[in-house]
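Nothing in this text is a laboratory measurement; each read-out follows from the coordinates by a stated rule. No experiment lies behind these values; they were computed from the predicted model shown. FYI the Cβ positions are ideal-geometry reconstructions off the backbone, even for glycines, and counts take in every protein chain you see.
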Amino acid sequence: MRRVIEGSQAVAEAVRLARVQVISAYPITPQTHIVEILSEYCEKGTLPARFLRMESEHSCLAALIGAQMMGVRTFTATSSQGLAYMHELLHWTAGARLPIVMAEVNRALAPGWNIWTDQGDSLSQRDTGWLQLYCEDAQEVLDSTLIAFRLAETVSLPVMVVLDAFYLSHTYEPVDVPAVEAADRFLAPYAPRFRMDKTVACSFGSLVTPNDYMEMRHDMALAMEDALDELGRIEAAFAGVFERNHGAIEAIHCQDAEIVLVTSGTITSTARLVVKALRERGERVGLLKIRLFRPFPGALLREALKTAKKIAVIDRNCSFGAGGIFAQELKAALCNLDPCPLVYGYIAGIGGRDVTPGTIEDIYRRTQETDRPSDDGLWIGLREEAPHGR
């Protein structure tokens, strides 16, 4: 059924379709609509799930760790400081190989207090062992959330579905919401690999010596590698039911492009318009969207970008002292290509600042006119009239 809904409701609809059994909730702008809608579904019986009202984000994830260990499908949502507060338990979740799915609404971290979007919160958790999917529009939000449950349960790792604050969470657009029968064909009931059982003696979260710890972490690394192949198979199954496919990356006009713009999240939609206009003027420019950030799809990116001369990465984030995070990852993935394309890093849209078509065309022109990239990326869109302190 085609409906006009906001991105937050797209998440909630996917959770309903996934027949989640336990939901934990703590409100934080701008993810609150997600759990508000789910609380209404639970109250009305639309979703027969246990809805837990927790006292903090840390408690939200702690509750789901217990529930997931009992063998039920679980979900939560958070943003910004809430995700930062969860940090300790993000490691516990992935290390225990629990397939929890979480919606993470990108919001800038404090101080100063800011409720608008950038990717600093989710990317600061990139090494916790969670898979990360970055969404461009509300349809992709719904689809990615459904896919996340099957992917998490296939590789036994948690998945974070990431969407931009307000640009997606609070914006209404047409979304195809499938019937529950179709969702059931794609996503089977949860069958846990292991669960707490009082008739079977076992321990969870106990001390692990050096003789075993390294192998446990190696198993997580292998599961991450498996996730890339599994995502392709799961996306194919999804397309078989719903006739839609998204992929780990999306390459547009990259075969003949001299300059390729690399984006993630909602900046991609704006970049599509810019690339279309530039191509109509005869410019050899392409666009590559990164949807899957963890595991990082290095082989796919190398294949898609092997003929480009210059690559301009637009990061809505910054690793202070090193530049944009997507640019760093892409440089590492491409460095052994011969010849290796030049990777230009640009930081834009921090704290929700607009990234307009003019911003993106400016980035393209700077890349076109500059022989060598800067080492740590250029900040685009700063107020020139205001002095900046150190």
### Task
Pop a pseudo-label 7 angstrom from the Cα along the beta-carbon direction at both Trp113 and Tyr213 and give the gap in nm to one decimal.
4.0 nm
### Zone of Glu225's modelled label, taken as backbone nitrogen in the stretch 263-299 under 18 Å from a point 7 Å along Cα→Cβ
294-299
### Message
Given a Förster distance of 41 Å, report the FRET efficiency between Arg126 and Ala182 from their Cβ-Cβ distance, rounded to the nearest 0.05.
### Response
0.80
#### Entry: Reach of Lys276 by Cα under 12 Å, taken over aspartates and glutamates that are not fewer than 8 positions away in the same chain
Glu361
### Task
Taking the Cα centre of the chain as origin, sum charge times position over the Cβ atoms of Lys and Arg (+1) and Asp and Glu (-1), and report the length of that vector in debye to the nearest 20.
260 debye
#### Entry: From phi via Karplus (6.51, -1.76, 1.60), per-residue ³J(HN,Hα) for the stretch 159-168 in Hz, x at Gly/Pro
10, 10, 9, 10, 9, 5, 4, 6, 4, 10
### Query
Considering only DSSP states other than H, G, I, E and B, which trypsin sites (Lys or Arg not before Pro) in the stretch 257-289 qualify as loop sites with at most 11 other Cβ atoms within 10 Å?
Arg281
### Query
According to a simple spin-label model (label point 7 Å from Cα along Cα-to-Cβ), what is the distance in nm between Arg3 and Trp92?
3.4 nm
### Query
Please state the Cα pair-distance histogram of the stretch 283-351 with 5 angstrom bins from zero: what percent is in each bin?
3, 16, 29, 26, 18, 7, 1, 0
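If neighbour count is taken as other Cβ atoms inside 10 Å, put Ser124, Ser79, Ser374 in order from fewest to most.
Numbers: Ser124 16, Ser79 29, Ser374 11.
The fewest-first ordering by Cβ neighbours comes to Ser374, Ser124, Ser79.
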### Residue (of Leu142, Gln125, Ala94) at the positive-pole extreme of the stretch 67-145, dipole from beta-carbon charges
Ala94
### Message
Please state the shape class of the chain: rounded when a/c is under 1.5, otherwise prolate if a/b exceeds b/c and oblate if not, all from the C-alpha gyration tensor.
### Response
prolate
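Based on Cβ point charges of +1 for Lys and Arg and -1 for Asp and Glu, what charge dipole magnitude is obtained for the stretch 279-347 about its Cα centre, in debye rounded to the nearest 20?
On the way: 12 positive and 6 negative charges, 34 e Å.
Magnitude of the dipole: close to 160 debye.
Take every DSSP beta bridge whose two residues both sit in the stretch 2-242, then give the antiparallel share in percent to the nearest 5.
Numbers: 5 of 25 bridges.
The antiparallel proportion sits near 20 percent.
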### Principal-axis tilt of helix 7-17 within the chain, Cα atoms, nearest 10 degrees
40 degrees
#### Entry: Environment charge at Glu329 (Cβ cut-off 13 Å; Lys +1, Arg +1, Asp -1, Glu -1)
+2
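If you take the beta carbon distance between Ala201 and Arg233 as r and set R0 to 25 Å, what does 1/(1 + (r/R0)^6) give as a FRET efficiency, to the nearest 0.05?
On the way: r = 36 Å, r/R0 = 1.42.
According to the calculation, E is roughly 0.10.
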### Sparse-neighbour loop sites [chymotrypsin sites (Phe, Trp or Tyr not before Pro); the stretch 310-345; at most 12 other C-beta within 10 Å; DSSP]
Phe320
### Query
What 222 nm value per residue comes from the helices of the chain, counting each DSSP H run with n ≥ 4 as -39,500 (n - 2.57) and dividing by all residues, nearest 500 deg cm²/dmol?
-12500 deg cm²/dmol
### Query
HN-Hα J couplings of the stretch 64-80 from phi, Karplus 6.51/-1.76/1.60, θ = phi - 60°, integer Hz, Gly and Pro as x?
6, 4, x, 5, 5, 5, 7, x, 10, 7, 9, 7, 8, 8, 7, 7, 6
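Counting other Cβ atoms within 10 Å, which GluC sites (Glu not before Pro) in the stretch 12-68 have at most 12 and lie in a DSSP loop?
On the way: sites: Glu13, Glu36, Glu40, Glu43, Glu55, Glu57; in loops: Glu55.
Here the sparse-neighbourhood loop sites are Glu55.
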